[in-house]
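Shown next, in structure tokens, is the structure this report addresses.
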Amino acid sequence: MIDSIKEKFYELFEGEPVIVRSPGRVNLIGEHTDYNMGFVLPAAIDKAVYYAIKPRKDKQVNLFAFDLNEEWQFEVDEVRKSEKSWANYLIGVVDQINQSGREIMGFDCVFGGNIPIGAGLSSSAAIEAGLAYALNNLFDLGFDKIELVKLAQRAENQFVGVQCGIMDQYINIFGKKGNVLRIDCRSLDYEYFPFEFDGVSVVLFNTNVSHSLASSEYNQRRKECSAGVDIIKQKYPHIESLRDVTLDMLEENKDQLDGVIYKRCKYVIEENERLLSACEALNKNDLREFGQFMYGSHQGLSKEYEVSCPELDYLVELVADREGVYGARMMGGGFGGCTINLIENKYVDSVSQFVKENYKKKFGIEAEVYITSINNGTEIIEL
Ligand code: GAF
């Protein structure tokens, strides 16, 4: 992959590029908690976007998307939306750098990778944060890591127009081989938890569906959560987010809350608690207990937060009682994409076979299987 991207760079441009690897991510537990100022537990993975990139002496930016065989050009000082949706993830980053008051020159860039699009593995954050990281280094912009995370998130929120939380860009920059990260999305502190269990694999089953509801429902969930906060705040003025709300407070306010909003808030409060308990299980090296919290998370996402879909539910149901499976749940925003599964190595083949056969029978769609390993966050791999 890296060689083909470099070759393309040599074909299109002059000189020697820097190579940057920018990973996708998994999230073990803690879904839809980031924008509620709660906790998440993601890890950067081996699937990644690779950049071959070199500064220019003028203000011209030449982008080439290797996987799509498409190009886009613009001037650093003339940033506007592209009709090519992929280009907006990159232009948004340049736009944010411009807004920060830092100055960059143009650059030549070929990028491509193996993060499946629409699978919930955060290919868009990989593109944004990877480019922010690369430009920070190429032009000595002096952003620290957390500033890069926020810049990449703003590119997505403001330029691409998706109101995502901070998890995906954060793990992209801070990921560390062999570790999951417990991120406190309120303080933006983090803690590494080693996640290398002999004989156990992190396996993703891709539904290969991506229901169009995803972004409208995502924004709707955000609104429902803040509507809940607004009501509970009337009694508890110090409340700023669902992170500050306990189940007792929620129960006290149940009569004032619409039934749907109550369910959404309950899920978020419980998911935060589940995540903290799951981390205690990790500290005890107890994957069985950890896996039970994953199932609990899926139930909540499916029944209370209602961001699952029949395909995701079925993939979790298929593995739930199978030998060798510790835990499974839907992952990411929902309405399609992947489930994440912890499976004993010696059962990975048989469980995958079983899942693929049954999923195909039920939905007529091939489920893809990715066995992932936990890798570093974005890094320069060739100078
Ligand atoms: C998407 C968003 F981009 C994240 O910020 C997060 O909210 C996630 O959905 C749900 O946990 O990946």
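The values are calculated or read from the model by the stated rules, or taken from the named source; none is laboratory data. Everything quoted here is computed from the prediction, not taken from an experiment. Cβ coordinates were reconstructed from backbone atoms using ideal geometry, including for glycine residues, and neighbour counts include every protein chain displayed. Side chains included, ligands, DNA and RNA excluded: accessible areas come from the protein's heavy atoms. Shrake-Rupley method; radii C 1.70, N 1.55, O 1.52, S 1.80 Å.
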Solution diffusion estimate, µm²/s, Stokes-Einstein, region 117-174, Kirkwood Rh from C-alpha pairs, 4 °C, viscosity 1.567 mPa s: 115 µm²/s
Whole-Å distance, taken between Cα centres, linking region 332-349 and region 227-275: 30 Å
Span-like helix ranges in the chain, DSSP H, alpha carbon extent 30 angstrom or more, Kyte mean at least -0.5: 259-283
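Sum up the charges of everything whose Cβ sits under 12 Å from the Cβ of M167, counting Lys and Arg as +1 and Asp and Glu as -1, but leave M167 out.
On the way: positive: R25, R182; negative: E31, D34, E156, D168, D184.
Overall, the nearby charge balance is -3.
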Per-q log10 I(q)/I(0), region 66-162, q = 0.11, 0.13, 0.25 Å⁻¹ (Debye; single scatterer per alpha-carbon; no solvent): -0.29, -0.41, -1.61
Whole-Å distance, taken between Cα centres, linking region 297-326 and region 1-80: 32 Å
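Counting Lys and Arg as +1 and Asp and Glu as -1, each charge on the Cβ, what is the dipole of the chain about the Cα centre in debye, to the nearest 20?
Values: 41 positive and 60 negative charges, 59 e Å.
So the dipole magnitude of the chain works out to roughly 280 debye.
Set the Förster distance to 30 Å, then compute FRET efficiency between L383 and A281 from the Cβ-Cβ distance, nearest 0.05.
Details: r = 41 Å, r/R0 = 1.36.
Approximately 0.15, to the nearest 0.05.
Quick one: length gained pulling E323 to D230 fully straight, 0.36 nm per residue minus the C-alpha distance?
Length gained, E323 through D230: 29.0 nm.
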Extreme residue, positive dipole direction of region 136-263, given options G161, F195, I146 (C-beta unit charges): G161
With every protein chain in place, region 200-372: carbon and sulfur % of accessible area (1.4 Å): 46 percent
Residue (of I2, Y35, I19) at the positive-pole extreme of region 1-46, dipole from beta-carbon charges: Y35
Heavy-atom accessible area per residue - region 200-372, 1.4 Å, Å²: 45 Å²
Full-extension gain in nm, L188 to D58, via 0.36 nm per residue minus C-alpha separation: 43.1 nm
Positive-end extreme of charge dipole, region 200-372 - chosen from S226, A367, Q292 (charges on Cβ): A367
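How large is the charge dipole for region 92-204, taken about the Cα centre, if only the Cβ atoms of Lys, Arg (+1) and Asp, Glu (-1) carry charge, to the nearest 20 debye?
Details: 8 positive and 14 negative charges, 26 e Å.
It comes to approximately 120 debye.
For region 268-339, just say rounded, prolate or oblate: build the C-alpha gyration tensor, square-root its eigenvalues into a ≥ b ≥ c, call rounded for a/c under 1.5, and beyond that prolate if a/b exceeds b/c, oblate if not. All intermediate terms of the calculation are to be shown ahead of the outcome.
On the way: a/c = 2.44, a/b = 1.29, b/c = 1.90.
Here region 268-339 falls in the oblate category.
State to the nearest 20 debye the size of the charge dipole of region 324-383 about its Cα centre, where the only charges are +1 on K and R beta carbons and -1 on D and E beta carbons. Kindly include the intermediate steps, with their values, before the conclusion.
Numbers: 6 positive and 7 negative charges, 87 e Å.
Roughly 420 debye, rounded to the nearest 20.
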Nitroxide proxy distance, nm - points 7 Å out along Cα→Cβ at Q163 and E14: 4.8 nm
Largest-first principal axis extents of the Cα set of region 200-372 (Å): 53, 40, 23
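If you rank D248, D198, D95 by how much accessible surface each has, with a 1.4 Å probe, what is the order from largest down? Intermediate results must be reported in sequence, preceding the final value.
Numbers: D248 115, D198 155, D95 30 Å².
Output order, biggest surface exposure first: D198, D248, D95.
Relative to the compact-globule scaling 2.2 N^0.38 Å, provide the ratio for the alpha-carbon radius of gyration of region 104-243.
Working: Rg = 17.9 Å, N = 140, 2.2 N^0.38 = 14.4 Å.
Normalised Rg, Cα atoms only: 1.25.
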Kirkwood Rh (inverse of mean 1/r, distinct Cα pairs), the chain, angstrom: 21.5 Å
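How much of the calculated P(r) for region 1-139 lies past 24 Å, in percent of all Cα pairs?
31 percent
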